[in-house]
1. I need the full set of residues from segment 239-273 which are of a type in the set (A, V, I, L, M) and over 11 Å from ILE178 (Cβ atoms), in order please.
2. Those residues that are small (Gly, Ala, Ser) and in a loop (DSSP other than H, G, I, E, B), I need them from segment 404-422; list them, please.
3. Looking only at segment 283-292, which residues are out of contact with any strand residue (DSSP E or B) (no Cβ under 6 Å at 6 or more places or on another chain) and touching a residue at least 40 places away in the same chain (Cβ under 8 Å)?
4. Criterion first (open to solvent by 20 Å² or more (accessible area, probe 1.4 Å), of a type in the set (Gly, Ala, Ser) and either touching a strand residue (DSSP E or B) at 6+ places or on another chain (Cβ under 7 Å) or farther than 20 Å from PHE506 by Cβ (or both)) does GLY177 satisfy it?
5. Taking only pairs six or more apart or across chains, which ones have beta-carbon atoms under 8 Å, a first residue in segment 452-475 that is at pLDDT 95 or above, and a second residue that is part of a helix (DSSP H, G or I) and surrounded by fewer than 13 Cβ atoms within 10 Å (Cβ to Cβ)?
6. Could you please give the count of residues in segment 271-284 that are open to solvent by 60 Å² or more (accessible area, probe 1.4 Å) and closer than 29 Å to HIS384 by Cα?
7. Among the residues of segment 36-51, is any among the polar types (S, T, N, Q), open to solvent by 40 Å² or more (accessible area, probe 1.4 Å), modelled with pLDDT of 95 or more and part of a loop (DSSP other than H, G, I, E, B)?
8. Going through segment 158-171 one residue at a time, which ones are at pLDDT 95 or above and open to solvent by less than 60 Å² (accessible area, probe 1.4 Å)?
Amino acid sequence: MHLFHPGSRLLLPGCPCLFRWASTGTATGTFQLQQPLNYRDGARVQPCDGNHSEDLYEPATGRVIGKCLFSGEKEVDLAVQNAQAAFKIWSQKSGLERGSTLLKAARIIQEQREEIATLETINNGKSIFEALVDIDTSWQCLQYYAGLAGALAGQHIQLPGGSFAYTRREPLGVCVGIGAWNYPFQIACWKSAPALACGKEWAVAEWEGSRSPAKRLVLNCQCNAMVFKPSPCTPLSVVLLSEIYSQAGVPRGLFNVVQGSSATGQFLCQHPSVAKVSFTGSVATGIKIMEMASHGVKPVTLELGGKSPLIIFSDCVLENAVKGALMANFLSQGEVCSNGTRVFVQRDILHAFTKEVVIQTQKIKIGDPLLNDTRMGALINHPHLKKVLSFVTQAKEQGAEVLCGGEAYVPDDPKLSHGFYMSPCILGNCEDNMTCVQEEIFGPVMSILPFDTEEEALRRANHTCFGLAGGVFTRDLQRAHRVVAGLQAGMCFINNYNITPVELPFGGYKMSGFGRENGTAAIAYYSQLKTVLVEMSNVESVF
């Protein structure tokens, strides 16, 4: 990727407005926020109400890079009203036209992937290497749902006597998306793309022009719009998505952004004109959102936390199992909800696996996340760093052995000395009842647990209130399919981990939530099903 000189402005070819609101170079420690972070009616705006703000940090340096102003009830209401007005315009578009607009937005993201990933890294702390992958996943998501926008269909059901019925998928209206700080831009795309793709057409007319091909007129239809609230820790990149959608041609207000914390989220969930809420975040917050939405009988999608098992059998390809364990624990500094942090290793290979995974973990380069060879950047903020380190301390007190890492890390570069870094940690001598094994740490901490039999591993893997993901490494494919069939988890991996193509549904069991992101399954959660019965004979009445 190319780097800009410190102090320059990031201006995107063909999209000159996208980074004009920030003065920055891509060198670490040069970014400074200058413009508003709310986006309403096609423009960046300051919230019209709300009396609270919080500092924004660059995790790599610990610098304050600006302030995020939180939105109050009036601002939320304006955003929802604006979204209602926008989907009336969006509803004049056919499915193919909606898909074409999403494709254009996908192309803009693809063209500007380096600049968007840079801003993501500045605000989130993850390595630029990973951020680029996140942005690629994002434009692929829009591209995928663009292909579905013109092909949404229901079922035809034949009934006796020539009668029949059909079902149709119809959009919900104004949807709310609430994102997390670990994948800010990607989560916004995962929620907005299927929502904006959904639509229904009520009537269609066609005519033949004397000198033109057949034209198609949509007389009346309905679509979704979205108001999105990112995490107050990472508010920057979602505003870029709003601007990209606008440039691609969506009506002003179809995708609005309101910044804020729990109070702003409450106003969104309880707004009478909001039809659906999709949330990614902690279990505790998910419970509150579900409760608030229940008062309006609003459907919710909850993608919550996890404490996922990774089961490694002695017949695995050891090198692949080690790589899989690293992928299952240390992506995005371990701040990934689906991480396989309970690593169950069959006792026959416990020593060999542990030795090699420690060697490979100690090779992970920590430091400036904007350098291409960095593989682990900074955790999101100082309070979270302290929390993760406290889990390691508690694990030692409960009898676990720190095999490597688990300490605050200070890079050699002086400008990074106040950043929020820690060395990736592997814990041995772990037992199922330890806090580090039972609770989601959300940091770079792997717990290794030995097991003897398949039945034992499966029983212990399922002994948790979570059920987001799970994985197995083995050469025995019969065993692999048998184990994943028994895992109580929504996303399972065989001989790999944390691979989430947009074509595949993603979501959890138990307290890890319900509903699905991605795949055709997501369409069901941004639409409602209507059944129509057509009688072809005379009515038979019992009266």
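1. Pass one, segment 239-273, residues of a type in the set (A, V, I, L, M): 239-241, 244, 248, 250, 254, 257-258, 263, 268.
Once the filter is applied, which keeps residues that are of a type in the set (A, V, I, L, M) and over 11 Å from ILE178 (Cβ atoms), segment 239-273 yields VAL239, LEU240, LEU241, ILE244, ALA248, VAL250, LEU254, VAL257, ALA263.
2. First pass over segment 404-422, keeping only residues small (Gly, Ala, Ser): 405-406, 408, 417, 419.
If the condition is that a residue be small (Gly, Ala, Ser) and in a loop (DSSP other than H, G, I, E, B), then GLY405, GLY406, SER417, GLY419 are the ones that fit.
3. Going residue by residue through segment 283-292, those that are out of contact with any strand residue (DSSP E or B) (no Cβ under 6 Å at 6 or more places or on another chain) are 283-285, 287-288, 291-292.
Within segment 283-292, VAL283 is the sole residue that qualifies.
4. On the way: open to solvent by 20 Å² or more (accessible area, probe 1.4 Å): no; of a type in the set (Gly, Ala, Ser): yes; either touching a strand residue (DSSP E or B) at 6+ places or on another chain (Cβ under 7 Å) or farther than 20 Å from PHE506 by Cβ (or both): yes.
No: the conditions fail for GLY177.
5. If the second residue must be part of a helix (DSSP H, G or I) and surrounded by fewer than 13 Cβ atoms within 10 Å (Cβ to Cβ), the pairs left are ASP452/ARG347.
6. Going residue by residue through segment 271-284, those that are open to solvent by 60 Å² or more (accessible area, probe 1.4 Å) are 272, 284.
Next, from what is left, pick out any that are closer than 29 Å to HIS384 by Cα: 284.
Residues in segment 271-284 being open to solvent by 60 Å² or more (accessible area, probe 1.4 Å) and closer than 29 Å to HIS384 by Cα: 1 in total.
7. Quick first cut of segment 36-51, residues among the polar types (S, T, N, Q) only: 38, 46, 51.
Those left that are additionally open to solvent by 40 Å² or more (accessible area, probe 1.4 Å): 46, 51.
Still in the list and also modelled with pLDDT of 95 or more: 46.
Going one step further and asking which of them are part of a loop (DSSP other than H, G, I, E, B), we end up with 46.
Within segment 36-51, one or more residues are among the polar types (S, T, N, Q), open to solvent by 40 Å² or more (accessible area, probe 1.4 Å), modelled with pLDDT of 95 or more and part of a loop (DSSP other than H, G, I, E, B).
8. Hits for segment 158-171 are LEU159, GLY162, SER163, PHE164, ALA165, THR167.
The values are calculated or read from the model by the stated rules, or taken from the named source; none is laboratory data. Just so it is clear, the model here is predicted, and its values are computed rather than measured. Glycine also receives a Cβ, built like all others from the backbone with ideal geometry; neighbour counts cover every protein chain displayed. The accessibility values were calculated without ligands, DNA or RNA, using every heavy atom of the protein model including side chains. Shrake-Rupley method; radii C 1.70, N 1.55, O 1.52, S 1.80 Å.
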